[in-house]
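The values are calculated or read from the model by the stated rules, or taken from the named source; none is laboratory data. Quick caveat: nothing in here was measured; it's all calculated off a predicted structure. Methodologically, a virtual Cβ is constructed for each residue, glycine included, from the backbone with ideal geometry; neighbour enumeration extends over all protein chains shown.
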Amino acid sequence: MMWIYLFLGIYGLAMCFILCYSLAQANLLWYFFRFKKNGTAAALSSDSDLPAVTIQLPVFNEKYVVRRLMAAVARMDYPSDKLEIQILDDSTDETSSIIQEELQKFPNTNFQYLYREKRTGFKAGALRAGLEKAAGDLIAIFDADFIPDAQFLLKTVPHFTDPQIGMVQSRWGHLNESYSLFTRLQAFALDAHFMVEQMGRNAQQAFINFNGTGGIWRKSCIVDAGNWQEDTLTEDLDLSYRAQQKGWKFLYRPDVVSPAELPPVMSAIKSQQFRWTKGGAECAVKHLRQVLTGSFPLKVKIHAAAHLLNSMIFIAVLLVSLSSIPIWWGFYQGLIPLFYFKAAALFLLSFVIIASVYFFANLSLANYSRRGLIRYLWELPVFLSVSMGLSVHNGQAVWEGLTGKKSPFIRTPKYNLGEKPGAWVSNVYHQLKVPAGTYVEAILALVFLFLVGLSIYTGTYEMLLFHAMLAMGFSLVSLASFKSYWIREGL
């Protein structure tokens, strides 16, 4: 009998963590409604007032998108004598020769081509090496899958008349949002981050993060904060926290949109998710104690803790999922009083809050239209299910980050697909080796499908909805993973 209470304890502690995190999200939602658009700072009177800007384009084996990137940046509206564009090329394939060919098309654009034979420090190392040669007082950064707005600099540079501003971040747009179910779900999640989370934190002057791309830095801020460092997989989050702890202010501009491509297949999504979640955990180890013991307002500390520990949600979800199996058995055998099931209704508050965050984030972008509402009603349960299905993969990443296990920086493959279905199959940057976690996901899909059937057969409905969502999530993730890993091999 005691083992039942052990699993109830694990389940309850994990759900309490999720509830605490959701309460922090509720506070961000409140400030989302109070967010005042920063708008453009006082317009600079003439071109002579504009500072010198360097745009950095970190590139590593991006033959599908590098032409598009260079053409977009070459159209940037800014005085040519005050703009340089660094191509930070670490490529080991034909991307380098493509870049050299494309450079001939822009004789009047100040492109600076910087090639590194050794990819020391990965993206952080490339940015650091480029910074040493950058002529600009401001440094804008765009990853290879972005198509920046030609007005980006004119909309963001004026904010730096305030000497305390260290970084201005734009909102990511989505070039291929409608490509597949998984691109739509990624847009669903990212929109919540860029609307509610970034706006909610910035509205109350809590720490926000540079999102790795689509932002512009003051060069002296980067240097003052210790420059780019590669001891975490999320060099952007790491530098953001170091800079804000030094007293620099960050500004978020949700009205400035930087369109980018979403990974269309599960293997690429997992690669990106692994880097983000593990890097977030590494940054928590690196910065959380300093923030909590620093002389920051309590609300800043609370949101920094929620921000740095948000990837722990996947471990909490995994613990809840696994412990729910013996708990279901306890309900079936009558070993657990129904009181516990009724008491657990408190945790429904977490679902209501999280649903509200995604509701207002996504519907605000759809102008609260009926079509947006209908789409939200089916996307939310599918998104939550797929997020649960990623708990094995992302939970492993978080655990590695918390325990200090190091792994190389693996960039997300880029595709340049547009809306053409199935075109990703020929991408040579695909990972083909099936990770062990994918088999675990498939096993858990079968386990929870079995539990759903057994619950219906025995009339034990206490955890039916939760197990149905887990069955759907693990099934979608595992099937999509096998498809993306195996299809290139013709299996």
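At a glance:
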{"item": "Answer residue from the range 397-417, given it is touching a residue at least 60 places away in the same chain (Cβ under 8 Å) and in a helix (DSSP H, G or I) and is nearest to M266 (Cα to Cα) among those", "result": "A397"}
{"item": "Residue check, A304 assigned by TED's automatic domain parsing to the domain that holds L464, among the small types (G, A, S), touching a Phe, Trp or Tyr at 6+ places or on another chain (Cβ under 7 Å) and buried (at least 19 other Cβ atoms within 10 Å of the Cβ)", "result": "no"}
{"item": "Identity of the residue in the range 207-239, assigned to a helix (DSSP H, G or I) and aliphatic (A, V, I, L, M), that ends up farthest from D143 (Cα to Cα)", "result": "V223"}
{"item": "Residue that is modelled with pLDDT of 95 or more, crowded, with 17+ Cβ neighbours inside 10 Å and outside any helix (DSSP H, G or I), where the choices are L29, L69, L57", "result": "L57"}
{"item": "Complete set of residues in the range 184-242 that are acidic (D, E) and crowded, with 20+ Cβ neighbours inside 10 Å", "result": "D191, E197, E235, D236, D238"}
{"item": "Qualifying position, being out of contact with any helix residue (DSSP H, G or I) (no Cβ under 7 Å at 6 or more places or on another chain) and not acidic (D, E), among Y115, Y78, Y64", "result": "Y64"}
{"item": "Test: F250 is aromatic (F, W, Y), surrounded by 23 or more Cβ atoms within 10 Å (Cβ to Cβ), touching a helix residue (DSSP H, G or I) at 6+ places or on another chain (Cβ under 8 Å) and outside any helix (DSSP H, G or I)", "result": "yes"}
{"item": "Considering residues of the range 86-106 that are in contact with a helix residue (DSSP H, G or I) (Cβ under 9 Å, 6 or more places away or on another chain) and in a loop (DSSP other than H, G, I, E, B) only, the residue surrounded by the fewest Cβ atoms within 10 Å (Cβ to Cβ)", "result": "K105"}
{"item": "Selection count where residues are under 20 Å from L470 (Cα atoms), in contact (Cβ under 8 Å) with a residue 60 or more places away in the chain and either not in a helix (DSSP H, G or I) or not aliphatic (A, V, I, L, M) (or both), scope the range 352-391", "result": "9"}
{"item": "The listed residue being among the small types (G, A, S), out of contact with any strand residue (DSSP E or B) (no Cβ under 9 Å at 6 or more places or on another chain), closer than 30 Å to N362 by Cα and at pLDDT 95 or above, out of A206, A187", "result": "A206"}
{"item": "Any chance A268 is under 28 Å from S481 (Cα atoms) and either in a helix (DSSP H, G or I) or not assigned by TED's automatic domain parsing to the domain that holds Q245 (or both)", "result": "yes"}
{"item": "Some residue of the range 5-19 being outside any helix (DSSP H, G or I), at pLDDT 95 or above and under 31 Å from the mean Cα position of the chain (by Cα)", "result": "no"}
{"item": "Qualifying residue in the range 454-461 (condition: buried (at least 20 other Cβ atoms within 10 Å of the Cβ), in the same structural domain as S321 (by TED's automatic domain parsing) and under 18 Å from L390 (Cβ atoms))", "result": "no"}
{"item": "Condition check for K249: basic (K, R) and under 17 Å from the mean Cα position of the chain (by Cα)", "result": "no"}
{"item": "Any hit, the range 150-163, residues being part of a loop (DSSP other than H, G, I, E, B), in contact (Cβ under 8 Å) with a residue 24 or more places away in the chain, surrounded by 19 or more Cβ atoms within 10 Å (Cβ to Cβ) and out of contact with any Cys (no Cβ under 8 Å at 6 or more places or on another chain)", "result": "no"}
{"item": "From the options L346, L322, residue that is on the phi < 0 side of the Ramachandran plot and in contact (Cβ under 8 Å) with a residue 12 or more places away in the chain", "result": "L346"}
{"item": "Filter result (under 23 Å from W228 (Cβ atoms) and of a type in the set (G, A, S)) within the range 43-83", "result": "A52"}
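Residues are listed down the side, and each one gets a yes or a no for (1) out of contact with any Ser or Thr (no Cβ under 6 Å at 6 or more places or on another chain); (2) under 28 Å from W378 (Cα atoms):
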site: V168; (1), (2): no, no
site: L190; (1), (2): yes, yes
site: H193; (1), (2): yes, yes
site: A206; (1), (2): yes, no
site: W228; (1), (2): yes, no
site: L262; (1), (2): no, yes
